[in-house]
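Asker: Please find one structure pasted underneath; my questions will follow.
Every number in this text was worked out from the coordinates using simple rules, so none of it is lab data. Note that the coordinates shown come from a computational prediction; the quantities given were computed from them, not determined experimentally. Positions of Cβ are generated from backbone atoms using ideal geometry, with glycine treated the same way; all protein chains shown enter the neighbour counts.
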Ligand code: FDA
């Protein structure tokens, strides 16, 4: 049941007994709005109609996260966790339905400790991947890296717990393939290491979404070797220059090349970049070079920049392709990109290391047989409602159905899309059956194992959102 205003008061009182007041922001605090919006990455979810948290806690210490959960349990207030705030549906800081919840914002819980000799690092969830890459590059003289996402401001907490792939996916696989330990606060407020987390839940937080299982505070990862210099290139090809043929061919070549090569494709209307040739740079620099896409080198210290523009809102979704799309269909897709209010498609080739891992090794099941991932994304000016842009994505998604994976139509959990389905709460617990609709798209056969892991660590479904794993508790 929703807590009464009296229990909200008791909750805040409970927090203040264990957490320094400067780390708690209630709705009446002068800096509440700035703390809330500083890590909102999609202005679409920063409107007067957005359900805000009852309060924000910014832990500097594990005990602050534990206290928030303990007080929340005692007084009937749920918790949502935010690391980098990049969730495509804003579920880390907003509730779709009116609900009283507290936000645990890990923005200042973000140290990175690199052990060069062992080629490992401990990284706190509030760090950005840019901060991780920078620290690893500095500590290793550009000889080590970590295989995770491209956008430097993504938070480690959400990104790792949902999979995490980027430029090194063909060479080394994805972030969760390299997570070797973690620290988790569970729904009873306990602070657990890998052993105490247990085999099944440790499996689950590596791709099944951290928010269903607790608050992941820190991760220990294995770093990977890279040469001190890599080559990066940006090659624009217009439709008049044969883009349809290039794309048709890329589908065969991109996933089959030696795994030292990764060729991401941006399919868009018009070319927002300049022609340039191969450039040599460190791996850390290549992340920025490819992410920004201007064809100009970007100073590596930009990896430490945590601010992003709030000028545009966006809607995204994803698909997986297991059979090359025919040439004439690509020609039609370019027609979609020429319609009013179009978005773009980003294609990441698989094959190599990402595809060599068995589907059940981690919750992330999009492995052998996948040619590439499609990310659809449409941006619009923050002040607009984005209705035509969202419609464009939904219509294109419907058009693509015959050409992408089927039964289930796979989707990437980290490109979260509530159009795929959302939880139905039955008897105060999210329904396992209803969750299959979206859960099997993200996790295929791993959905059931995730639900069983959830049943072990949080059978009451305290940690939940619109697309959290429902608990499944075996009878008897
Ligand atoms: P955020 O803080 O919003 O959290 C996302 C989800 O994880 C929420 O449900 C939240 O509750 C939960 N969560 C966060 N921290 C947690 C914690 N410590 N413990 C438990 N649960 C926690 N992906 C990719 O694989 N490769 C890429 O290259 C990119 N690029 C990219 C660019 C841009 C501009 C965006 C907006 C997104 C991406 N992504 C991506 C997707 C990205 O991986 C995804 O949005 C991640 O969930 C973001 O993690 P954050 O911590 O930033 O999000």
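Asker: Pull out a ≥ b ≥ c, the square roots of the eigenvalues of the alpha-carbon gyration tensor of the stretch 325-384, then state rounded if a/c is under 1.5, prolate if not and a/b is larger than b/c, and oblate in the remaining case.
Answerer: oblate
Asker: Divide the volume of the convex hull of the Cα atoms of the stretch 340-476 by its number of residues and quote the answer in cubic angstrom per residue. Kindly include the intermediate steps, with their values, before the conclusion.
Answerer: Details: hull volume 19.7 nm³, N = 137.
Taking only Cα atoms, the stretch 340-476 has a hull volume of 144 Å³ per residue.
Asker: Still on this model: If you line up the long axis of helix 446-457 against the longest principal axis of the chain, both from Cα atoms, how many degrees apart are they, to the nearest 10?
Answerer: The answer is roughly 20 degrees.
Asker: Averaging the inverse of every distinct alpha carbon separation and then flipping it gives the Kirkwood radius. What is it for the chain, in angstrom units? Walk me through the numbers before you get to the answer.
Answerer: Numbers: mean 1/r = 0.0438 Å⁻¹.
Across the chain, the inverse of the average 1/r is 22.9 Å.
Asker: Along the Cα→Cβ direction, 7 angstrom out, place labels at residue 188 and residue 266. What is the inter-label distance in nm?
Answerer: 5.0
Asker: Continuing with this model, one more query. Strictly greater than 18 Å: what percent of every Cα pair in the stretch 41-196 meets that? Display every interim value, and only then the final one.
Answerer: Working: 7461 of 12090 pairs.
More than 18 Å apart: 62 percent of the Cα pairs in the stretch 41-196.
Asker: Working from Cα positions, state the angle (0 to 90°, nearest 10) between the long axis of helix 327-337 and the longest principal axis of the chain.
Answerer: 60
Asker: Now, a different point. Bin by bin, in steps of 5 Å, what percent of the Cα pairs in the stretch 119-266 do you find, going until the bin that has the longest distance?
Answerer: Binned Cα distances yield the sequence 2, 9, 17, 19, 15, 13, 10, 7, 5, 2, 1, 0, 0.
Asker: I would also like to ask the following. In Å and on Cα atoms, what radius of gyration and Dmax does the stretch 184-257 show?
Answerer: 21.7, 60
Asker: On to the next question. Over 26 Å apart: what share of the alpha carbon pairs of the stretch 216-368 falls there, rounded to a whole percent?
Answerer: Numbers: 4602 of 11628 pairs.
When every Cα pair of the stretch 216-368 is considered, 40 percent fall beyond 26 Å.
Asker: Continuing with this model, one more query. Report the gain in length on full extension from residue 231 to residue 180: 0.36 nm times residue separation, minus Cα-Cα distance, nm rounded to one decimal.
Answerer: Using 0.36 nm per residue and subtracting the Cα-Cα distance, I get 15.4 nm.
Asker: Hey, what D do you get for the stretch 122-176 in µm²/s if you plug the Kirkwood alpha-carbon radius into Stokes-Einstein at 4 °C and 1.567 mPa s? Don't skip to the end; give the middle numbers.
Answerer: Working: Rh = 11.1 Å.
The diffusion coefficient I find is 117 µm²/s.
Asker: Let me ask you something else. Between residue 16 and residue 344, what FRET efficiency follows from the Cβ-Cβ distance if R0 is 41 Å, with the result rounded to 0.05? If you can, show how the numbers build up before the last one.
Answerer: Working: r = 47 Å, r/R0 = 1.14.
My answer for the efficiency is 0.30.
Asker: At 37 °C and 0.692 mPa s, grab the translational diffusion coefficient of the stretch 16-117 from Stokes-Einstein with a Kirkwood Rh over Cα pairs, rounded to a whole number in µm² per second.
Answerer: Details: Rh = 14.2 Å.
For the chosen part, D equals 231 µm²/s.
Asker: Then there's this: So how much slack lies between residue 310 and residue 199, counting 0.36 nm per residue of separation and subtracting their Cα-Cα distance, in nm? Could you put the intermediate results ahead of the total?
Answerer: Numbers: separation 111, 0.36 × 111 = 39.96 nm, distance 4.01 nm.
Value of the extension gain: 35.9 nm.
Asker: Under 1.5 on a/c is rounded, so check that first for the stretch 368-436, then, if it is not, pick prolate when a/b is larger than b/c and oblate when it is not; a ≥ b ≥ c are the square roots of the alpha carbon gyration tensor eigenvalues. Display every interim value, and only then the final one.
Answerer: On the way: a/c = 2.26, a/b = 1.17, b/c = 1.94.
Here the stretch 368-436 falls in the oblate category.
Asker: Regarding the stretch 15-76, what are the three Cα extents along the principal axes, ordered largest first, in Å?
Answerer: So the three principal-axis extents are 33, 23, 20 Å.
Asker: Take every Cα-Cα pair in the stretch 395-476 and report what % of them are more than 21 Å apart.
Answerer: Values: 980 of 3321 pairs.
Everything past 21 Å amounts to 30 percent.
Asker: Another one. Measure off 7 Å from each Cα along the Cα-to-Cβ vector at residue 360 and residue 428, then give the distance between these two points in nanometres to one decimal.
Answerer: 3.5
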